[in-house]
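Have a look at the structure below before the remarks.
The values are calculated or read from the model by the stated rules, or taken from the named source; none is laboratory data. All values derive from a computational prediction rather than experimental measurement. All Cβ positions, glycine included, derive from the backbone under ideal geometry; neighbour counts span all protein chains shown. Side chains included, ligands, DNA and RNA excluded: accessible areas come from the protein's heavy atoms. Shrake-Rupley method; radii C 1.70, N 1.55, O 1.52, S 1.80 Å.
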Amino acid sequence: RCWYWEVVVMLRKVLLVMAANSISWTPLAKAMRLVSLGLMSLALHLLMQPFEDREFGILDKIESWSLGAFITFPLIKLVEELESSRHDMTTFIAWGIALLFQARVVYLVIW
């Protein structure tokens, strides 16, 4: 259905490599950017539903689950960085609010 979707996937991969390999960012900033990239990719995928509807949309479901798994690991790293660093509770709450805002944006895009 979406003949251009392969370009979107390749662009996501390039952005992923750029976000993961940047030297100047702290591990906390890297984790936040990877979570952001994953959430935006998931929202775009759920909005577009790019694959054919064969077998009750199994390809879209597999892609959604793989993007969910992709979001999980940087999210774990983000929580680990926040807990292990010497940030105060205000920083932890600010990052949590930022993640909730991104989740809200994903929900609104999908809805």
Per residue convex hull volume, Cα only, the chain, in Å³ is 97 Å³
Per-residue HN-Hα couplings for the range 49-63 [Karplus 6.51, -1.76, 1.60; θ = phi - 60°; Hz; x = Gly/Pro]: 6, x, 8, 5, 8, 5, 6, 6, x, 5, 5, 5, 5, 4, 5
Filtering chymotrypsin sites (Phe, Trp or Tyr not before Pro) in the range 1-81 by DSSP loop and by at most 14 other Cβ atoms within 10 Å leaves Trp3, Tyr4, Trp25
Ser24-Cys2 pseudo-label distance in nm [points 7 Å out on the Cα-to-Cβ vector]: 3.1 nm
Applying the Karplus parametrisation 6.51 cos²θ - 1.76 cosθ + 1.60 with θ = phi - 60° to the phi angles of the range 5-12, what ³J(HN,Hα) value in whole Hz is obtained for each residue in order, glycine and proline being reported as x? 5, 4, 5, 4, 5, 5, 5, 4
Using a 1.4 Å probe on the protein chains only, how many percent of the accessible area of the chain belongs to carbon and sulfur? 71 percent
Find, among the GluC sites (Glu not before Pro) in the range 3-71, those assigned to loop by DSSP (not H, G, I, E, B) with at most 13 other beta-carbon atoms within 10 angstrom. Glu52
Lys/Arg Cβ at +1, Asp/Glu Cβ at -1, dipole of the chain taken about the Cα centre: which of Leu47, Met10, Ser64 is farthest positive-ward? Met10
